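The structure appears below as structure tokens.
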């Protein structure tokens, strides 16, 4: 694999642009590039290209002349993914209308399963006082939570919870064959139906939207993640999406204003959707927070170890939980929530289920650790807040969650605990109207204050949220491994149709031996 040299350039009236070293662990293998006149083979790389609004056609024509091609549009970042010979990256960067070129890179779902002989914790809803919130009548009702992950299997405690979604992988079956996404979804909105409500998610009455970006091997990349965020922002009114959960990690590229994943999450945030993300599992070493948790706007969650007790006084910072500050000097995470040996739903027959039989708890549940799972608990808590006060902006939700955090007990160092330990009940019953993120400069919206929310129909550099440019034929015509990304429209009726609510989800295929316990 030919590495791409790291470089930084400035362009008038445009963000700094750069090409960092190509990640050696890219999900998709590099294809053989076109032959040069000398017949010497040159590798082809996948890059994310950001452009000046209105210059797309000219840039695409330039890519064609350079021997490359556009793969898929990514309107949420005013750009697209493209494949191009590696030796022509300098020419692409210098093309008029190009503001940034970023090599594609790996996105990971990290967690530990069945670790050691320690106990399994299913007390997190009580630790967060979420169960007290349910008693006051707020359980996530009316709130849609999008889960960008490995898919969600609507079995057991998730039966009837899915209202729509999309599969952006070559599997194209909406099935969680890896197992991470179902575990995450159970923490957010598991109903506790089996056995007898012993294990519930934080917001048991939320609606879930499954946005699958990884298949059975758990591998995915930046392009699919950005496309998934595009889908969430575009269909937010279709599904009532108010929260998006990102239990994943991407190697950060500083500064955050130039990183397309940070630009994408900020645009989702400013569209009115709360973005919750994991801090990463790189340990308690300063600077270990991963992207998009390094973005200052979003709610970045670290992990505490609740030691299976209800008292926060004995909680500690989990040894795997990443701490800040970020490369941009931003204090992260924003908050901590239980993430050590937590119990959630088992995706029977999935990759992690088969690889970790010791993590099984009975026939329905599973044990795992990671900031991925702490983020899920925070997403559920955000849904509780919104179920009581639907009109809050993302900045106000963040202020209620961080402003009502409890003392973090023995959690040290300070850089690892953020505002403290999440208290879902205090945040939900709060009447605070202040907003977080005051004074922040968005990387994605120059001139937009931290308190602004961009309504549906507003333009992002010429691309309309909800307009035809978001749901056009570029999605239906683009193929990943031979499988189409979907129909002609992101926001069409097909997403809420019978394919998600019908017999295919509730039928006998979910009760077959492949999902049962042998």
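Here are some notes:
- Within segment 184-289, helices (runs of 4 or more DSSP H) holding 3 or more residues that are in contact with a strand residue (DSSP E or B) (Cβ under 7 Å, 6 or more places away or on another chain) and more than 21 Å from residue 386 (Cα to Cα): 222-234, 260-270
- Residue that is surrounded by the most Cβ atoms within 10 Å (Cβ to Cβ), among those in segment 297-321 that are modelled with pLDDT of 85 or more and out of contact with any helix residue (DSSP H, G or I) (no Cβ under 7 Å at 6 or more places or on another chain): 300
- Residue within segment 54-68 that is without any contact (Cβ under 8 Å) to a residue 12 or more places away in the chain, in the same structural domain as residue 178 (by TED's automatic domain parsing) and either surrounded by fewer than 19 Cβ atoms within 10 Å (Cβ to Cβ) or in a helix (DSSP H, G or I) (or both) present: no
- Check on residue 178, assigned by TED's automatic domain parsing to the domain that holds residue 424 and outside any loop (DSSP other than H, G, I, E, B): no
- Residues of segment 168-177 satisfying the condition of being crowded, with 21+ Cβ neighbours inside 10 Å and over 14 Å from residue 154 (Cα atoms): 168, 169
- Check on residue 216, surrounded by fewer than 24 Cβ atoms within 10 Å (Cβ to Cβ) and assigned by TED's automatic domain parsing to the domain that holds residue 128: yes
- Subset of segment 86-97 (residues that are out of contact with any strand residue (DSSP E or B) (no Cβ under 6 Å at 6 or more places or on another chain) and under 29 Å from residue 231 (Cα atoms)): 95, 96
The values are calculated or read from the model by the stated rules, or taken from the named source; none is laboratory data. What you see is a predicted model; the values in this text were computed from it and never measured. Reconstructed Cβ throughout: ideal geometry from the backbone, glycine too, with neighbour counts over all protein chains shown.
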